[in-house]
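Student: Quick one: this structure, given as structure tokens, is what I'll be asking you about.
The values are calculated or read from the model by the stated rules, or taken from the named source; none is laboratory data. This structure is a prediction, so every number in the text was calculated from the model and none was measured. FYI the Cβ positions are ideal-geometry reconstructions off the backbone, even for glycines, and counts take in every protein chain you see. When the accessible area is computed, the model is the full protein with side chains, heavy atoms only, and any ligands, DNA or RNA have been set aside. Shrake-Rupley method; radii C 1.70, N 1.55, O 1.52, S 1.80 Å.
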Amino acid sequence: ERRIWVSAADPYENHNGGMIAFGPDGMLYISLGDGGAADDPLRTGQKPDDWFGSILRIDVDHAPEGKTYGIPDDNPARRSPRFARWAPEVYCIGLRNVWRFSFDRKTGELWAGDVGQNLWEMVHRIENGGNYGWSIREGFHPFLPQRRLKADRASKISPPLAEYPHAPTADRKDNGLSITGGYVYRGSAIPDLVGTYVYGDFESGRIWGWKAINGKTIANGEIIDITRSPRLKIASFGETPGGELLILAFDGKLHELTPAGETTTNR
């Protein structure tokens, strides 16, 4: 065993991030929450010189002498003087607590489910050097505007691709409380779902699909009927080798997403 990377000390007990994964570029990606508590008290969401509220990207295969990992040449701080204030490991900022990110196996694009605070849950497509707004915004909405917190000057805020509320609204009844990020579906069992980003909610068991053509949203809505399906506590999604989607739930089983009319596989 060799220790490669060690997180900074977390100031609070919650918002510890969601996962680590190697990207198609061979780099290791690490999601860290904003450090915890409520309202981002340390303002870490818009502080690129720390690791919190970010996704990090490091090179574990090409470490300089005396180091345990390297910094990719195209990380923001390395590729442009504009990002000189950013920590070398930081890939993007403005995230509250990413709970599961994934790479589209066809395009390599990075997707993330970001857990909101009191009102909204968010879906982001992550870009190198991106800023996703926390804690100036929660989803598409201002967050504590009386604080007059300013966005990091190196990267303008990119709104989420999708959001859903914690409580029903006049036009959104598909509420939930804690997003679990999923995958872009690339399987063959459900042809209509190909190219759709599938994500769920830990508390409600709802599962949605978001799809775009040429960058324009064409669909975003629930893809299972929770009145007929078990309300799973969705902790994570996974993929089979063929691209079918699995659901890891707190009932101790793996469930497979299957076409309507077919029985979900419990493993």
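Student: State the percent of C-alpha pairs, over all pairs in the stretch 144-234, separated by a distance greater than 15 angstrom.
Tutor: Details: 2786 of 4095 pairs.
The calculated P(r) of the stretch 144-234 puts 68 percent of pairs beyond 15 Å.
Student: Still on this structure, please answer the following. Where the centroid of each part is defined by its Cα atoms, how far is the stretch 48-118 from the stretch 213-235 in Å?
Tutor: Distance between centres, Cα-based: 28 Å.
Student: Here's something else I'd like to know. Whenever you get a sec, compute what percent of the accessible area on the stretch 1-150 sits on carbon and sulfur atoms (1.4 Å probe). Write out the running numbers ahead of the final one.
Tutor: On the way: 3630 of 7180 Å².
Looking at the stretch 1-150 in its full context, I get 51 percent from C and S.
Student: I've got another one for you. Which residues does the label zone of LYS150 cover in the stretch 84-116, counting backbone N under 19 Å from a point 7 Å along Cα→Cβ?
Tutor: 84-87, 93-94
Student: What's the FRET efficiency of GLU203 with GLU65 using the Cβ-Cβ distance as r and R₀ = 35 Å, to the nearest 0.05? Walk me through the numbers on the way to the answer.
Tutor: Numbers: r = 48 Å, r/R0 = 1.38.
The calculated FRET efficiency here is 0.15.
Student: Please identify the chymotrypsin sites (Phe, Trp or Tyr not before Pro) of the stretch 112-155 that satisfy two criteria: DSSP loop assignment and at most 13 other Cβ atoms within 10 Å. Which are they? Walk me through the intermediate numbers first.
Tutor: On the way: sites: TRP120, TYR132, TRP134, PHE140, PHE143; in loops: TYR132, TRP134, PHE140, PHE143.
Sparse-neighbourhood loop chymotrypsin sites (Phe, Trp or Tyr not before Pro): PHE140.
Student: Of the residues GLY94, GLY36, GLY53, which exhibits the maximal mean-square fluctuation in a Gaussian network model of the chain defined by a 10 Å Cα contact cut-off?
Tutor: Evaluated over the chain, the most mobile residue of the options is GLY36.
Student: Please compute the per residue accessible area over the chain with all protein chains in place, 1.4 Å probe, rounded to a whole number of Å².
Tutor: Result: 49 Å² per residue.
Student: Still on this structure: Mind checking the dipole of the chain: about its Cα centre, +1 per Lys or Arg Cβ, -1 per Asp or Glu Cβ, Debye to the nearest 20? Don't jump to the answer; show the numbers that get you there.
Tutor: On the way: 32 positive and 35 negative charges, 123 e Å.
Using Cβ point charges on Lys, Arg, Asp and Glu, the chain gives about 600 debye.
Student: Follow-up. With a cap of 12 neighbouring Cβ atoms within 10 Å, and only residues DSSP puts in a loop, list the trypsin sites (Lys or Arg not before Pro) found in the stretch 109-184. Mind dumping the intermediate values first?
Tutor: Working: sites: ARG125, ARG137, ARG147, ARG148, LYS150, ARG153, LYS156, ARG172, LYS173; in loops: ARG148, LYS150, ARG153, LYS156, ARG172, LYS173.
Listed in order of number, the matching sites are ARG148, LYS150, ARG153, LYS156, ARG172, LYS173.
Student: For the chain, give me the percentage of DSSP beta bridges that are antiparallel, rounded to the nearest 5 percent. Numbers along the way, then the final one.
Tutor: Numbers: 50 of 52 bridges.
The antiparallel proportion sits near 95 percent.
Student: Pop the C-beta distance of LYS216 and ALA37 into the FRET formula with R0 = 45 Å and round what comes out to the nearest 0.05. If you can, show how the numbers build up before the last one.
Tutor: Working: r = 38 Å, r/R0 = 0.84.
So the FRET efficiency works out to roughly 0.75.
Student: What pairs from LYS173/LYS211; LYS47/LYS233; LYS106/LYS216; LYS47/LYS173; LYS47/LYS211 go past 25 Å between their alpha carbons? Walk me through the numbers before you get to the answer.
Tutor: Numbers: LYS173/LYS211 20 Å; LYS47/LYS233 33 Å; LYS106/LYS216 19 Å; LYS47/LYS173 35 Å; LYS47/LYS211 31 Å.
Result: LYS47/LYS233; LYS47/LYS173; LYS47/LYS211 exceed 25 Å.
Student: Also: Provide the FRET efficiency to the nearest 0.05 for the ARG79-ALA21 pair, computing r from the beta carbons and using R0 = 22 Å.
Tutor: Numbers: r = 22 Å, r/R0 = 0.99.
Taking R0 as 22 Å, the efficiency between ARG79 and ALA21 is 0.50.
Student: Still on this structure, I have one more. At q = 0.09, 0.13, 0.14, 0.18 Å⁻¹, what log₁₀ I(q)/I(0) does the stretch 24-174 have when each alpha carbon counts as one equal point scatterer in the Debye sum?
Tutor: The calculated log intensity ratios at q = 0.09, 0.13, 0.14, 0.18 Å⁻¹ are -0.29, -0.58, -0.67, -1.05.
Student: Against the globular-protein guess of 2.2 N^0.38 Å, express the Cα radius of gyration of the chain as a ratio, rounded to two decimals.
Tutor: Numbers: Rg = 18.5 Å, N = 267, 2.2 N^0.38 = 18.4 Å.
Normalised Rg, Cα atoms only: 1.01.
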